[in-house]
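Please treat every number below as a calculation from the coordinates, not as lab data. Only a predicted model underlies this, so the values are computations on that prediction, with no experimental measurement involved. So basically every Cβ, Gly included, is an ideal-geometry build from the backbone, and we count neighbours across all protein chains shown.
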Amino acid sequence: MSCKTCSAPGSGTFDRGIHPPHGKKLCEDAHIEVMPAPASVALPLLQHTGAPCQSSVQAKQSVVLGEKVASAEAFVSAAIHASVTGMVGALGVTTLPNGRHVKTIPITAQGEQLSGPALWDDIYGGQWPLDSVGKHQPADIAKAVREAGLVGLGGAAFPTHVKLAVNPSKPVDTLLLNGCECEPYLTADHRLMVEAPAPIVLGALLAAKACGAKQIFIAVEDNKPDAAKALQDAAKGTPVNVAVVKTKYPMGGERQVVPAVLKRVVPTGGLPLDVGVVVMNVATAAAVARAVVRGKPLTHRVVSVTGDGIARPKNLLVAIGTPYQALVDYCGGLKPTAARVIAGGPMMGFTLGDLATPITKGTSGIVVLTHDDIRREAETACVRCGRCVDACPLRLVPTKLAMASRHKDWDLARRYHIAACCECGSCSYVCPARIPLVQLIRVGKAGSR
Ligand code: SF4
Ligand code: SF4
């Protein structure tokens, strides 16, 4: 292990993967700014993995910041709370960056809004007493997390209370917080680890208590030494260990970070839970602390607005439901060289068609690429070089999967385990023939279900 202070058994890296230019210099030293409340928000009723929520408010109803506006009836779902104080409008519809059409609750901001340093203090500032862990029972922690509508803030947006639910047939011994943030350009988690390590450590202790984990690691890539140091300082005297792992893409994937830190292999088609591990993003852990200790729901998140095509790259604390356009405007707008706006990172994100789309709980960044960034040569025939196979961290055969998808041969796609692909994009990145492998595989995954 490369971390001298950590007893984790893993080697600190994983097989295969790639080293794309990380582009993080634009924003890695940018302090998180609190963005003023937007004029309006639109809250999608499905912004998590699982069943959609049901609206619990009416048009023209007044709501206050943090009030529940949509309830989650299904177990795998997450309630939604007002991210501004204001008046509810008639239900609308939006198309999310992944192409899904979902109903939204619009809220027009009215009256005084919590903002600036007061909002920062409410969410991440103030005291986070580590001795408060003893006051909370596992079931109460899971209940508070569910009430707060928490989901994984690393991008997958899986409801957090489901991860924390104790399953006697799958006992958990380890909580692994994921602070790798391996996507190029994005720095939201990095800045949060530097600026708010205390709620992350407290959230780790609470989450471990809820799921029964006896050991706790926080994985941080070695290109973020300031984040590792801040967490180590905050974790002094606690059972939380900071594991510094090698910088490599996609280290942030569950199937990469678990073996890198713990030397355990997550089976194909399985979950970290199958090897006794719960993996949770660092920002989610901070939200767990706030939900349990302060009783506050998830209404805001940190978003990186970055890339060479944006005028002033920033890390912003922003109300969920704010339109992408408002974030872009707050960062000085698009440069004339801007060519593509991506929701998320350039490897796994989605090109955004409409900047009126609202950000959701799972939005970790907006990356604006320039014409130079996206200049690509035309696609040519596969030269059978095998680079895509060498790059795939899941040992799949991307060229076969893409071919199966092109020919709509779903049996072949399933035989080559298309469902196991995590859509990391490493294969597309290295392909000298410029074949859009991951795009084809995404189509194939949908077609072969
Ligand atoms: S096949 Fe899937 S998992 Fe493998 S490199 Fe390509 S996108 Fe990543
Ligand atoms: S990297 Fe591209 S050219 Fe090489 S084998 Fe894979 S699909 Fe073919």
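Which of LYS296, LYS163 has the fewest other C-beta atoms within 10 Å, and how do the rest follow up to the most?
Lowest count first: LYS296, LYS163.
Rg to Rh for region 318-449: what is it, with Cα atoms only and Rh by Kirkwood?
Values: Rg = 17.0 Å, Rh = 16.4 Å.
Radius of gyration over Kirkwood radius for region 318-449 works out to 1.04.
With a 10 Å radius around each residue's Cβ, average the other Cβ atoms per peptide and rank 221-228, 363-370, highest first.
The densest-packed peptide leads the list: 363-370, 221-228.
Putting +1 on Lys and Arg Cβ atoms and -1 on Asp and Glu Cβ atoms, find which of GLY353, HIS407, THR380 reaches farthest to the positive end of the dipole of region 352-449.
Value computed over the given set: HIS407.
For SER7 and THR268, what is the calculated FRET efficiency with R₀ set at 22 Å and r taken between the beta-carbons, to the nearest 0.05?
On the way: r = 28 Å, r/R0 = 1.29.
It comes out at approximately 0.20.
Only Lys, Arg, Asp and Glu count, each charged at its Cβ (+1, +1, -1, -1), so figure out the dipole size of region 238-354 about its Cα centre, rounded to 20 debye. Walk me through the intermediate numbers first.
Working: 13 positive and 5 negative charges, 66 e Å.
Charge dipole, region 238-354, about its Cα centre: 320 debye, nearest 20.
Send over the semi-axes of the chain's equivalent ellipsoid, whole angstrom and largest first, taken as the square roots of 5 times the C-alpha gyration tensor eigenvalues. Don't skip to the answer; put the middle values down first.
On the way: eigenvalues 200, 151, 96 Å².
Working through the eigenvalues yields semi-axes of 32, 28, 22 Å.
So how many Lys-Lys pairs in region 117-294 land under 19 Å Cα to Cα, not counting same-chain pairs under 8 apart?
19
Once the piece of chain linking ALA419 and ASN167 is laid out straight, how much longer is it, given 0.36 nm per residue of separation minus the C-alpha distance between them? Provide the component values of the computation, followed by the final result.
Details: separation 252, 0.36 × 252 = 90.72 nm, distance 2.47 nm.
Here the segment from ALA419 to ASN167 would lengthen by 88.2 nm.
Using R₀ = 35 Å, calculate the FRET efficiency as 1/(1 + (r/R₀)^6) where r is the Cβ-Cβ separation of THR108 and HIS31; round to 0.05. Intermediate results must be reported in sequence, preceding the final value.
Numbers: r = 30 Å, r/R0 = 0.85.
So, using R0 = 35 Å, E works out to roughly 0.70.
Could you work out how far the C-alpha centroid of region 163-192 sits from that of region 13-39, in angstrom?
17
What is the fewest-to-most order of HIS136, HIS19 by other Cβ atoms lying within 10 Å of their Cβ?
Values: HIS136 17, HIS19 10.
Going from sparsest to densest Cβ surroundings: HIS19, HIS136.
Using a simple charge model, +1 on the beta-carbon of Lys and Arg, -1 on the beta-carbon of Asp and Glu, nothing else, what dipole does the chain show about its Cα centre, in debye to the nearest 20?
1140
About its Cα centre, how strong a charge dipole does region 117-294 have in debye, to the nearest 20, once Lys and Arg get +1 and Asp and Glu get -1 at the Cβ?
Values: 18 positive and 16 negative charges, 97 e Å.
Computed charge dipole of region 117-294: roughly 460 debye.
Excluding VAL245 itself, calculate the net charge of residues whose Cβ lies under 9 Å from the Cβ of VAL245, where each Lys or Arg counts +1 and each Asp or Glu counts -1. Present the calculation step by step, with values, prior to reporting the outcome.
Numbers: positive: LYS246, LYS248; negative: GLU221, ASP222.
It works out to a net charge of 0.
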